[in-house]
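Derivation of every value follows stated rules applied to the coordinates shown; laboratory data play no part. Remember, predicted model here, so these are calculated numbers, not experimental data. We place every Cβ from the backbone using ideal geometry, glycine too, and count neighbours over all the protein chains shown.
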Amino acid sequence: MSEETQNSEEKARSIDPEVLRQQAEEIRQSSSLQPEEPPKPASRWVQGVYLAILVLVIGSVIFLLVSRGSRLWLLKGVAHGWTRVSTQESAEVFKLPAPPPKTVEPKVIQQGAPRFVFRGGGAASAAPENSAETGESDDTGAGTPADDSKPPAPPEKTAGSKEAYDLLVKNSEVVRKLTSNGLPDLQFKEWKPVRNSPPDFWINVVAARAGQEVQFVWSVNTESGTVRALSQNARDLERK
């Protein structure tokens, strides 16, 4: 028998079983987990406080959902407070100088139409003279100086403008209602041309509302048949 086998047998005989039992018991006690104690229930007054808070929160939410005015008031208050806080914490605002003035070139606009003055004298036909350009009358003094303050006369009704008006009534439902007094607050009075430039015509439909005259201007193309509202009153009437 070898020396190692003898030494192991001697060590096994030297260990007392009672000592091993005690060691095992100590290990078992140290490794065992103690059961946690169940939490103590809250007292009645604490439960009452929780219940009151819950009822208050639910009631406030329902009240805000039902009452629109209170909801808006709350949102405005929160927004006002947030604005004050954000304004105080905002960065510094730097003021920039005003931009330099922009030069505007003068524009000359000639108003009115030139007037023609005919000279008299003998049986010869008179030659027209544009007194608006010269600013002078004829040699005999019979001419009248031009009056630029008077606006040019409106165009007259022609066959082309009448065709444009008929096309406007045909292609626009709102104009048909307007001219046939189909709109309760407007009473049709007349129509008149504003611009005669074939094939483009501007037609002004005049109506009365509460005793006041209201004008509606449309653009009509007699070749393509397109109708387009020009004035704000006409655009507003088409949007109704």
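Order of VAL175, VAL49, VAL169 from fewest to most other C-beta atoms within 10 Å?
With the sparsest Cβ surroundings first, the list reads VAL49, VAL169, VAL175.
What is the extension gain from LEU96 to ALA24, computed as 0.36 nm multiplied by their sequence separation minus the C-alpha to C-alpha distance, in nm to one decimal?
17.2 nm
How many nm is it between the label spots at ASN221 and LYS189, if each spot is 7 Å from the Cα in line with the beta carbon?
Computed distance between label sites ASN221 and LYS189 equals 3.2 nm.
How many times 2.2 N^0.38 Å is the alpha carbon radius of gyration of region 159-239?
Normalised by 2.2 N^0.38 Å, the Cα Rg of region 159-239 equals 1.01.
Neighbour counts of other C-beta atoms within 10 Å: give me SER67, SER172, SER30, SER231 arranged from fewest to most.
SER30, SER67, SER231, SER172
Sort ILE53, ILE203 so that the residue with the fewest other Cβ atoms within 10 Å of its own Cβ comes first and the one with the most comes last.
The most exposed by this proxy come first: ILE53, ILE203.
How much net charge surrounds VAL214 when only the other residues with a Cβ under 11 Å from the Cβ of VAL214 are counted, with Lys and Arg +1 and Asp and Glu -1?
-1
Which length gain, in nm to one decimal place, applies between GLU156 and THR83 when the Cα-Cα distance is subtracted from 0.36 nm times their residue separation?
20.0 nm
In nm, to one decimal, how far is the ARG176 label point from the ALA210 one, both placed 7 Å along Cα→Cβ?
Here the modelled spin labels are 3.0 nm apart.
What list of ³J(HN,Hα) couplings, whole Hz, do you get for region 46-57 from phi and the Karplus terms 6.51, -1.76, 1.60, once you set θ to phi - 60° and write x for glycine and proline?
Values, residue by residue: 5, 5, x, 5, 4, 5, 5, 5, 5, 5, 5, 5 Hz.
Could you give me the ³J(HN,Hα) list for region 216-230, computed from phi with Karplus coefficients 6.51, -1.76, 1.60 and θ = phi - 60°, whole Hz, x at Gly and Pro?
Karplus-based 3J(HN,Hα) across region 216-230 equals 10, 10, 10, 9, 10, 10, 6, 7, 8, x, 7, 10, 9, 6, 9 Hz.
Under 8 Å for C-alpha pairs, at least 6 residues apart: give me the relative contact order for region 159-239, rounded to a whole percent.
Normalised by residue count, the contact order of region 159-239 is 24 percent.
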